[in-house]
Each structure stands twice: as C-alpha cells, then as structure tokens.
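The values are calculated or read from the model by the stated rules, or taken from the named source; none is laboratory data. Computed from a prediction, not measured in an experiment: that's the story for all the values here. Virtual Cβ from ideal backbone geometry, glycine too; neighbours counted across all protein chains shown.
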Amino acid sequence: MRRYLFLLALLPISFVAPVHGAVGLVQDHRIVIPVSKAERSLLLTEMREYLHGLHAIQYALANKDTKTLDLVAKDMAPRLERLPASLRDRFPEDFTQLAIALQEAFLALARMNGPDLQVNAALEQTGEIITYCSGCHDTYRFEVRALPKPRK
Ligand code: HEC
C-alpha cells in the first residue's frame, strides 16, 4: 500500500518548510506547469472534487457508511486519468507518478471497505491519500501561459 511513498523523497521541494523572505513573504519555489485558462479551470474543478471526496470519506468512516465510502473512493480514483490526453502529455513525469499514486491509494481504500471495515486502518489509508495531496501541492502550481504549438 505504501509502495509509492518513496516518490515523495524524489520530489525536490516537498516537505521543506516554506522559506520566509526578509519582508515576511513566503517565497514560492513550486515548479510551474503551464496550462491554458480552460485547462486550469478544469484542473481546479477536479481538485475541488477531491476535497469534497475527502470530506465525504471522513463522514462515511465516522458513520461506518460502507456504501458511501465505496461510491466516493471509486469515483475519486480515476479523476486525473480522465483529463484530456493533450493535457496529461504535458505533465512532468513526477507529477504523473503522484497522480497515479493517489489513484492507487483511493483504490486501496475502496478495497479495505466491506462489512468488517476497520475504521482505524481506513483512516490511516486516508492519511496516505492526503500525503499525496500535500506532496504534490508543495511541489507544483498551474500557471496560465501561452502554450507552444502541439508537436506534429
Ligand atoms: C499530482 C498533483 C496533485 C495531487 C495528487 C493533488 N493535487 Fe490538488 N492541486 C494541484 C495543483 C498543481 C494545484 C494548483 C496550485 C496552484 O496553482 O497554486 C492544486 C489545487 C488544489 C485545490 C485548489 C482548487 C482551487 O479552486 O483553487 C484544492 C482544493 C486541491 N488541489 C485539493 C486536492 C486534494 C484534496 C487532493 C488529494 C485528494 C489533491 N488536491 C491532490 C496538484 C495536485
């Protein structure tokens, strides 16, 4: 289940505390992923869905609501995979690996579900999911830029 956690060690910036400049501003060292305006909007919509998903998972676990847990964990898993290939092809390799790790972590949570759901273990798995959320957020940002023409 933790087979992807090593990825986080490969990321250049994850888990490094923010560096404070002389005027108290936090410097932004995240790697820029250039996207179009529409792509950014699509990506951020998917991201907000992730947050909704985590919210639903939290309540489902607290109430041992296995039906909701199943629905949500399986719905969250393929979100980045469903993005248009023209966008996915431009993601840096480590970003894609983190997206895959996140997908696997949601599927692992779905597999732990069932009549004898162990809430403690499922919460730990949810913790692993959030590790990927924050690892990626510490490392990348989307920026709207004029994109180079697609290669032939
Ligand atoms: C593979 C990388 C990656 C993963 C994994 C990831 N995110 Fe994001 N997320 C991003 C990036 C990049 C941004 C945009 C940050 C920026 O441009 O400042 C973002 C933005 C967001 C936003 C802000 C949306 C908005 O409207 O501004 C939310 C909320 C969010 N992510 C939630 C999540 C949650 C919850 C998870 C885990 C379940 C997650 N993300 C996993 C890369 C990722």
Task: Selection from the stretch 54-98 of residues that are touching a residue at least 24 places away in the same chain (Cβ under 8 Å), within 13 Å of the ligand (Cβ to nearest atom), part of a helix (DSSP H, G or I) and more than 19 Å from Leu147 (Cβ to Cβ) - done: Leu54, Ile57, Gln58, Ala73, Met76, Asp94, Gln97, Leu98
TODO: Mind telling me which of the residues Glu104, Glu143, Glu46 ends up being touching a residue at least 24 places away in the same chain (Cβ under 8 Å), at negative phi, assigned to a helix (DSSP H, G or I) and loosely packed, with under 15 Cβ neighbours inside 10 Å?
DONE: Glu46
Task: Complete set of residues in the stretch 111-152 that are away from the ligand (no atom under 13 Å from the Cβ), among the hydrophobic types (A, V, I, L, M, F, W, C) and within 29 Å of Arg40 (Cβ to Cβ) - done: Ala146, Leu147
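Every residue, every condition in (1) closer than 25 Å to Ala62 by Cα; (2) touching a helix residue (DSSP H, G or I) at 6+ places or on another chain (Cβ under 7 Å); (3) of a type in the set (Lys, Arg); (4) not in a helix (DSSP H, G or I), yes or no:
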site: Ala108; (1), (2), (3), (4): yes, yes, no, no
site: Arg111; (1), (2), (3), (4): yes, no, yes, no
site: Glu124; (1), (2), (3), (4): yes, no, no, no
site: Gly135; (1), (2), (3), (4): no, yes, no, no
Task: Output for the stretch 51-77, where each listed residue is under 11 Å from the mean Cα position of the chain (by Cα) and over 12 Å from Thr126 (Cβ atoms) - done: Leu51, Ala77
TODO: Of the numbered conditions (1) more than 16 Å from His52 (Cα to Cα); (2) of a type outside the set (Val, Ile, Thr); (3) exposed (fewer than 14 other Cβ atoms within 10 Å of the Cβ), Pro78 fails exactly one; give the number of that condition.
DONE: (1)
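Filter the stretch 124-139 down to the residues that are over 9 Å from the mean Cα position of the chain (by Cα) and closer than 17 Å to Gln103 by Cβ and list them by number.
Result: Gln125, Thr126, Gly127, Glu128.
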TODO: Would you point out the residue of the stretch 17-33, among those that are at pLDDT below 95 and not in a loop (DSSP other than H, G, I, E, B), that is nearest to Leu98 (Cα to Cα)?
DONE: Val26
- [ ] Being over 18 Å from Arg111 (Cβ atoms) and either modelled with pLDDT of 95 or more or in contact with a Cys (Cβ under 8 Å, 6 or more places away or on another chain) (or both) is the filter here, so list the residues in the stretch 132-152 that pass it.
- [x] Cys133, Ser134, Gly135, Cys136, His137, Asp138, Thr139, Tyr140, Arg141, Phe142, Glu143, Val144
